[in-house]
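Nothing in this text is a laboratory measurement; each read-out follows from the coordinates by a stated rule. This one's a predicted model, so the numbers in the text were calculated from it and none came from an experiment. No Cβ is skipped: glycine too gets one built from the backbone with ideal geometry, and neighbour counts run over all protein chains shown.
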Amino acid sequence: MSAVDTTFIIVASMLVMLMTPALAYFYGGLVRSRNVLSTSMHSLSMLGLISILWALAGFSIAFGPDIGGLVGDFTYTLLRGVTSEPLSNAESIPGVLFMVFQCMFAVLTVALVSGAYAERIHFPAMLLFSALWLLFVYCPMAHWVWGNGWLANLGALDFAGGTVVHMTSGAGALAAAHVLGPRMDLRHGGGGLISPHNLPMTLLGGGLLWFGWFGFNAGSALTAGPLAAHALVTTHMAASAGILGWICVEWKYTGKPTTLGVVSGALAGLVAITPGAGFVGILPAIFIGFMGGAICYGAVLLKSRLGYDDALDVVGIHGFGGTWGALATGIFATAAVNGVDGLAYGNAAQMWPQFLSVAAAWIYGYLISRILLHLVDMVIGLRAKPESELMGLDISEHNERAYQI
Amino acid sequence: MKKLEIIIRTSKLNSVKAALETLGVHGMTIIEVKGYGRQRGHKEVYRGATLESQFVPKTQINILVHDEGLKSVLDAAIAAAQTGELGDGKIAILPVEDVIRIRTGERGDTAL
């Protein structure tokens with residue numbers, strides 16, 4: 001047990017917690033003013049629901065003793081055996097601290113998916129879907145990669161959640177966009193004009209996400225040593241390069257750089273470096289972030305080509321950014337940072353587990369999400385009623401209005 | 001008496017208000033409106049998606065004037081609001097049958 005590590009992970013947990021309210025700001029500014037509270041609610045209510053489910057069962061399914069490489073067992077349900085004594089997952093910090101650090105990741109990941117179904121989902125259906133999604137999608141994925149599951153055993157590298165957090169939420173988001181269908185105003189004849197109602201709010205959220213991400217990535221070292229410092233630097237540089245990558249492409253294709261482009265590019269860079277933050281060098285991190293910004297800009301445009309309404313671009317940024325990051329980790333990982341070489345350092349074999357983790361996250365995440373969505377649709381009905389959607393979910397689902405003017 | 005509905009660029013509100021005040025116009029009603037004329041809308045781009053905004057925000061000033069003050073008020077408003085570019089706005093001049101000051105019950109020109 002280390003007091004320094006414990007202190008560090010306490011702070012990191014607090015930083016990752018901040019990312020969920022930050023996401024509420026980020027997403028809330030991007031929707032129309034009649035849906036800003038409901039969209040914030042999709043993130044904020046996860047702090048309630050997912051935290052408690054994590055304590056009851058989620059942590060055990062993800063990090064309990066392994067069953068066949070697929071899931072954890074029920075040893076830690078109701079947090080039995082999760083005490084101030086370290087667990088094998090993180091031997092220098094109290095078990096409860098590891099549990100709550102991972103809890104913050106789970107909350108954020110489920111909240112990330114909400115960007116896909118914003119402005120049209122029925123709130124009770126959202127709650128049920130999120131609860132099921134945690135238990136049947138996130139927890140198994142976390143187990144496969146971080147809980148000594150089959151992907152971990154194959155040597156897949158995912159430092160802080162490119163696969164578990166970003167690709168999985170992207171796959172869930174794609175399924176949600178497919179099953180829910182587009183917002184009424186985007187349907188044929190609906191007008192097709194939807195623009196963000198408060199970009200300064202989104203910029204605030206983006207800034208806070210970047211800040212929280214230091215806890216997310218550096219904290220994933222689970223010790224306060226040089227690896228955490230390295231991850232902090234790669235994280236920052238990739239976010240910075242992500243801004244430049246996005247802005248360059250945007251400037252070229254639309255003629256003007258935008259603030260939404262800056263904050264989206266930073267996010268894309270952060271997503272892209274997440275799996276490799278503790279495996280790649282700093283110069284490769286800059287390249288990964290820059291390309292993350294450029295790739296995600298293109299990926300966001302896919303939704304209008306392919307016809308799914310991923311309202312706030314979870315697929316484009318988290319799905320594609322995470323995929324690029326996972327593959328780039330396989331390319332640029334170096335033993336000098338964390339003991340594993342990638343393709344660029346002569347170990348082409350590392351690409352195979354990276355590719356498998358990409359395929360597993362997309363296929364498993366998408367299929368199970370679709371099943372869960374159809375199930376919830378049968379039980380509760382996923383979509384808000386048409387008149388509720390037109391009136392705005394703030395009034396129709398929550399009896400509140402954001403702006404009294 | 002006439003009622004003027006003066007639709008101007010939002011950025012010109014203060015200068016029009018100041019110009020009217022020097023002529024003794026001591027009250028006005030302001031409405032934030034949206035619309036389009038020959039100026040049309042403008043382009044907005046969000047994450048690479050281009051939206052043609054259909055309506056431009058404008059400010060509408062409603063005032064009541066005595067018939068004898070009409071020309072000087074119109075001249076002042078036009079001078080203050082004009083840039084010479086598309087989108088400077090419009091003024092509509094409407095006849096007013098009567099006006100009542102609610103506080104005192106006065107009617108007609110004395111109520112202005």
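General remarks:
- Segment B:84-103-segment B:1-54 distance, computed between alpha-carbon centres (Å): 14
- A straight line joining the Cα centroids of segment A:295-329 and segment A:338-405 runs 12 Å.
- Rg/Rg_ref, chain A, where Rg_ref = 2.2 N^0.38 Å and atoms are Cα: 0.92
- Pairs of alpha carbons in segment B:2-111 separated by more than 20 Å make up 48% of all such pairs.
- Between amide H atoms placed 1.01 Å from N, distances below 5 Å from A:L222 occur with no residue 5 or more places distant or on a separate chain.
- Taking the C-alpha atoms of segment A:255-392, convex hull volume expressed per residue in Å³: 151
- Straight-distance crosslink candidates among aspartates and glutamates, where the alpha carbon sits under 17 Å from B:K58 and sequence neighbours closer than 8 are dropped: B:E5, B:E32, B:E85, B:D88
- Taking other Cβ atoms within 10 Å as a rough exposure proxy, A:Y403, A:Y117, B:Y46 sort from fewest to most as A:Y403, B:Y46, A:Y117.
- Ranking of A:S43, A:S88, A:S264 by neighbouring Cβ atoms within 10 Å, starting from the fewest: A:S88, A:S43, A:S264.
- Helical runs (DSSP H, four residues minimum) scored at -39500 (n - 2.57) apiece and divided by the length of chain B put the mean residue ellipticity at 222 nm at -6000 deg cm²/dmol.
- In summary, the aspartates and glutamates within cross-link reach of B:K3, defined as a Cα separation below 12 angstrom excluding same-chain residues under 8 places away, comprise B:D67, B:E97, B:D98.
- Charge dipole of segment B:2-111 about the Cα centre (unit charges at C-beta), most positive-ward option of B:T10, B:H26, B:V45: B:V45
- Charge dipole (debye, nearest 20) of the protein assembly as shown; +1 at Cβ of Lys and Arg, -1 at Cβ of Asp and Glu: 1020
- Helix-only CD estimate at 222 nm, as mean residue ellipticity for chain A, using -39500 (n - 2.57) per DSSP H run (n ≥ 4): -21000 deg cm²/dmol
- Residues of segment B:63-86 with amide N under 20 Å of the 7 Å Cα→Cβ point at B:I93: B:63-83
- Neighbouring Cβ atoms from other chains, within 10 Å of the Cβ of residues in B:37-47, number 4 on average.
- Averaged over A:258-267, number of beta-carbon atoms from partner chains that fall within 10 Å: 2
- For chain A, the relative contact order is 23 percent, taking Cα pairs closer than 8 Å that sit 6 or more residues apart in sequence and dividing their mean separation by the residue count.
- One chain, two ends: B:T50 and B:K3. Fully extended at 0.36 nm per residue, the span grows by 12.9 nm beyond their Cα-Cα distance.
- By the count of other C-beta atoms within 10 Å, a proxy for reagent exposure, A:R370, A:R401 are ordered fewest to most as A:R401, A:R370.
- The lysines whose alpha-carbon is closer than 28 Å to the alpha-carbon of A:K252, local same-chain residues fewer than 8 away aside, are A:K303, B:K43.
- On Cα atoms only, tilt of A:282-306 relative to the major axis of chain A in degrees: 30
- Value of Rg/Rh across segment A:180-276 [Cα atoms, Kirkwood radius]: 1.12
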